[in-house]
Amino acid sequence: MVRRTKADALTTRNELLDAAERLFSKRGVSNTSMMQVAEAAGVTRGAIYHHFENKLDLIYALMERVSLPVDEMRDELRKEHENEPLHQLRERCLHIVHQVQNDPHMQALVNILCHKCEYIEDTLPIHMRHLSGRNECIDECVKLIELAQKQGSVARDVDPRITIISMFGLIDGLFYNWLLDTEYFDLMTAARSGLDNYLRGITKQGA
C-alpha cells in the first residue's frame with residue numbers, strides 16, 4: 001500500500017509538471033496561476049500545494065527534470081576525453097542543442113525561459129537561478145579553453161572568458177530564433193556549422 005501511495009504521488013507530481021509546462025508555454029509564467037495548473041492536471045488546490053509551494057517551485061522542478069541527462073553527459077565526456085578540452089566543449093554544446101531540438105521537456109523549458117517568462121519582481125528568483133546555472137557552466141567551459149591553451153591548441157592571446165561568453169551568445173541566439181519558428185531552419189545543422197567555424201577561429205593553425 002505504501003509503495004502504491006508513493007507511486008501515485010510521483011504520478012501526480014509529473015502530471016502537475018506536464019500541465020505547468022503546457023500552460024507556461026502557451027500563456028506565460030506571469031499569466032498562469034497555480035489553480036490553473038491544478039485544474040489542467042485534474043487535481044485539487046490541496047494536491048498542487050502538497051507538491052509545489054508556488055510557481056517558482058514549479059519552474060525549479062522543470063529545470064531539475066532536464067538537468068540530470070545534462071549532468072550525466074558532462075561527467076561522461078570529462079572521463080572519456082579528459083585531455084581533449086575542445087572536443088569536450090564541442091560535444092557539450094551539441095548535446096544541449098540536440099536536447100533542445102528533440103526532447104519536448106527541454107525544448108519547452110528553453111522556450112519558457114526565452115519567450116514566456118517576464119523577469120519582473122515576482123519572477124526575479126527564476127532569473128537569478130537561471131543566471132547562476134549559466135555562470136557555473138561558463139566557469140567550467142572557461143577551464144576547458146585554459147587547458148587547451150596549456151596544450152598549445154588555442155592561441156595564448158585568446159581571452160578564455162570572452163571566448164566562452166561569445167560562444168554562449170551564438171548558441172543562445174540560435175535557440176531564441178529557432179524557437180520563434182522551428183520550421184525556418186534546422187537547429188542542429190546551424191549549430192554544428194556555427195560552432196565549428198567559431199572553434200576553428202580560436203584554434204592555432206595546424207594544431
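At a glance:
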| quantity | calculated |
| --- | --- |
| Residue check, R27 farther than 28 Å from I145 by Cβ and touching a His at 6+ places or on another chain (Cβ under 8 Å) | no |
| Residue ID - most open to solvent (accessible area, probe 1.4 Å), chosen from residues in the range 121-135 that are among the aliphatic types (A, V, I, L, M) and farther than 16 Å from D172 by Cβ | M128 |
| Candidate set: the range 136-154, residues that are touching a strand residue (DSSP E or B) at 6+ places or on another chain (Cβ under 8 Å) and of a type in the set (A, V, I, L, M, F, W, C); chosen: the one surrounded by the most Cβ atoms within 10 Å (Cβ to Cβ) | A148 |
| Residue check for A7: more than 30 Å from R161 (Cβ to Cβ) and touching a residue at least 12 places away in the same chain (Cβ under 8 Å) | no |
| Odd one out for H105 among (1) over 21 Å from C137 (Cβ atoms); (2) touching a residue at least 40 places away in the same chain (Cβ under 8 Å); (3) of a type outside the set (V, I, T) | (1) |
| Checking N31 against (1) within 21 Å of L124 (Cβ to Cβ); (2) in a helix (DSSP H, G or I), the condition it does not meet | (2) |
| Checklist (1) touching a residue at least 12 places away in the same chain (Cβ under 8 Å); (2) open to solvent by 40 Å² or more (accessible area, probe 1.4 Å); (3) part of a helix (DSSP H, G or I); (4) over 15 Å from Y60 (Cα atoms) applied to I171, failing item | (2) |
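Let's see how each residue does on (1) in contact with a Ser or Thr (Cβ under 9 Å, 6 or more places away or on another chain); (2) closer than 30 Å to A148 by Cβ; (3) surrounded by fewer than 16 Cβ atoms within 10 Å (Cβ to Cβ):
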{"site": "H51", "(1), (2), (3)": "yes, no, no"}
{"site": "L56", "(1), (2), (3)": "yes, no, no"}
{"site": "A61", "(1), (2), (3)": "no, no, no"}
{"site": "D71", "(1), (2), (3)": "no, yes, yes"}
{"site": "L77", "(1), (2), (3)": "no, yes, no"}
{"site": "E80", "(1), (2), (3)": "no, yes, yes"}
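The values are calculated or read from the model by the stated rules, or taken from the named source; none is laboratory data. These numbers come from a predicted model, not from an experiment. Note: ideal-geometry Cβ built from the backbone for every residue, glycine included; neighbour counts use all protein chains shown. These accessible areas exclude ligands, DNA and RNA; they are computed on the full protein's heavy atoms, side chains included. Shrake-Rupley method; radii C 1.70, N 1.55, O 1.52, S 1.80 Å.
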